[in-house]
Amino acid sequence: MSPTETPRLLVVGMVIVTVIGAIDAAIGGEWDLFVLFTLGLALSLALVARLESRRPAIPIRRDLVVWLRDRAEVSGEPLAAVADRALAAYRERYGNVKPEVDENRR
């Protein structure tokens, strides 16, 4: 399982638990508990939207994360901006990759 799948799995588990809790609280007439589970469900769904809508997470080595954090701290920029610039510099240095079209795969 990749690191990007783990948060999704955890959030899906939270959604399932809060839905079951909300249904049980509604059946039992515990309306204050129902409201708490509903709020938990809303927060979980907001987290799902955040996980799915932002740009993809790319797992990188721990030493590179430390380097990115240090560079971000020195420059005062967000970590994402430093990572974007580092990848753009790499692409500029080594060029764009143009995939070869395999005629047999069409």
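The values are calculated or read from the model by the stated rules, or taken from the named source; none is laboratory data. This structure is a prediction, so every number in the text was calculated from the model and none was measured. As a convention, Cβ positions derive from the backbone with ideal geometry for all residues, glycine included, and neighbour counts pool all protein chains shown.
Spot the failing condition for residue 71; the list is (1) basic (Lys, Arg); (2) exposed (fewer than 14 other Cβ atoms within 10 Å of the Cβ); (3) touching a helix residue (DSSP H, G or I) at 6+ places or on another chain (Cβ under 6 Å), and only one is missed.
Going through (1) basic (Lys, Arg); (2) exposed (fewer than 14 other Cβ atoms within 10 Å of the Cβ); (3) touching a helix residue (DSSP H, G or I) at 6+ places or on another chain (Cβ under 6 Å) one by one, residue 71 breaks only (2).
Do you know which of the residues in the range 1-43 that are modelled with pLDDT of 90 or more and polar (S, T, N, Q) is nearest to residue 59 (Cα to Cα)?
Of the residues in the range 1-43, the ones modelled with pLDDT of 90 or more are 13-43.
Narrowing the set further to residues that are polar (S, T, N, Q) leaves 18, 38.
Details: 18: 29, 38: 33 Å.
The extreme case among them is 18.
Evaluate the following for residue 74: is it in a helix (DSSP H, G or I), of a type in the set (A, V, I, L, M) and over 21 Å from the mean Cα position of the chain (by Cα)? Walk me through it before giving the result.
Values: in a helix (DSSP H, G or I): yes; of a type in the set (A, V, I, L, M): yes; over 21 Å from the mean Cα position of the chain (by Cα): yes.
It is true that residue 74 is in a helix (DSSP H, G or I), of a type in the set (A, V, I, L, M) and over 21 Å from the mean Cα position of the chain (by Cα).
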